[in-house]
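Student: The structure is given below, and queries will be raised subsequently.
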Amino acid sequence: MARTLQTYQNGELTVTFEPRRCIHAAACIRALPAVFDATARPWIRLEAAPVDDVTAAVLRCPTGALRAYVRDTLVEIAPEPVTVRASRHGPLFVRGEVHVVMEDGTELIRDTRVALCRCGRSARMPLCDNSHREAGFRDPAR
């Protein structure tokens with residue numbers, strides 16, 4: 001899989017995909033399989049649905065790997081307050097105005113959708129890279 005930013009355009013809509021942020025949660029595919037098809041090339045077909053439907057599907061991406069721009073304006077909603085949701089046996093999904101800052105004060109990412117590692121095995125700490133799957137990470141008993 002390509003590791004660089006991919007751009008898909010169709011008239012007024014542009015969708016970008018950053019593979020390094022994707023953890024294959026498949027929220028986009030479940031939301032709009034006619035547009036997002038991991039088995040097809042290209043895997044994003046913007047002409048297969050109305051602009052509003054595509055942007056709604058993009059906003060379901062829990063990691064921010066997908067972005068939608070309508071007439072060059074980013075479509076993004078930062079919910080208030082910030083929410084953190086632990087996924088079963090997986091990352092923490094954070095939504096809101098998120099600033100991930102490293103110990104030395106360096107800002108790693110500023111975004112509205114981020115997946116943070118819970119297993120401690122990610123090669124891209126503190127961001128999730130799906131290492132929890134290979135590591136067999138399981139939520140502690142409740």
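Student: Could you check A86 against (1) among the hydrophobic types (A, V, I, L, M, F, W, C); (2) under 14 Å from the mean Cα position of the chain (by Cα); (3) under 16 Å from I23 (Cα atoms) and say which number it fails?
Tutor: Every condition holds for A86 apart from (2).
Student: Report, by residue number, each residue of segment 105-120 that is among the basic types (K, R) and surrounded by fewer than 17 Cβ atoms within 10 Å (Cβ to Cβ).
Tutor: The first filter runs over segment 105-120 and keeps only residues among the basic types (K, R), leaving 110, 113, 118.
If the condition is that a residue be among the basic types (K, R) and surrounded by fewer than 17 Cβ atoms within 10 Å (Cβ to Cβ), then R110 is the only one that fits.
Student: Residues of segment 48-61 being surrounded by 22 or more Cβ atoms within 10 Å (Cβ to Cβ) and either modelled with pLDDT under 95 or part of a loop (DSSP other than H, G, I, E, B) (or both), which ones? Show your work before the answer.
Tutor: Taking segment 48-61 and keeping what is surrounded by 22 or more Cβ atoms within 10 Å (Cβ to Cβ), we get 54, 57-58, 61.
Scanning segment 48-61 gives a single hit, C61.
Student: Which pairs do you get when a residue that is in contact (Cβ under 8 Å) with a residue 24 or more places away in the chain and more than 19 Å from C128 (Cα to Cα), found in segment 55-76, comes within reach of a residue that is part of a strand (DSSP E or B) and of a type in the set (G, A, S), reach meaning Cβ atoms under 7 angstrom, with the pair 6+ apart or on two chains?
Tutor: T55/A68
Student: Of everything in segment 2-47, what is open to solvent by 60 Å² or more (accessible area, probe 1.4 Å) and on the phi > 0 side of the Ramachandran plot? Give them in sequence order.
Tutor: G11, H24
Student: Follow-up. Can you tell me which condition D111 does not meet? The list is (1) within 12 Å of the chain's Cα centre (by Cα); (2) among the acidic types (D, E); (3) outside any strand (DSSP E or B), and all the others hold.
Tutor: That leaves (3) as the condition not met.
Student: Okay, next question. Restricting to segment 79-104, and then to whatever is assigned to a loop (DSSP other than H, G, I, E, B) and open to solvent by 50 Å² or more (accessible area, probe 1.4 Å), can you tell me which residue is farthest from R60 (Cα to Cα)?
Tutor: First, the residues of segment 79-104 that are assigned to a loop (DSSP other than H, G, I, E, B): 79-82, 87-91, 102-104.
From what's left, open to solvent by 50 Å² or more (accessible area, probe 1.4 Å): 80-82, 88, 102-104.
Numbers: E80: 16, P81: 17, V82: 16, R88: 17, M102: 26, E103: 30, D104: 32 Å.
Here the residue is D104.
Student: Does segment 62-74 hold any residues that are surrounded by 15 or more Cβ atoms within 10 Å (Cβ to Cβ) and basic (K, R), and which are they?
Tutor: R67
Student: Take the residues in segment 3-34 that are in a strand (DSSP E or B) and of a type in the set (A, V, I, L, M), then tell me which one is farthest from T112 (Cα to Cα).
Tutor: Once the filter is applied, the top-ranked residue is L13.
The values are calculated or read from the model by the stated rules, or taken from the named source; none is laboratory data. What you are looking at is a predicted structure, and each value in this text was computed from that prediction instead of being measured. Using ideal geometry, Cβ is built from the backbone for each residue, glycine included, and neighbour counts are taken over all protein chains shown. Surface accessibility is based on the protein's heavy atoms, side chains included, excluding ligands, DNA and RNA. Shrake-Rupley method; radii C 1.70, N 1.55, O 1.52, S 1.80 Å.
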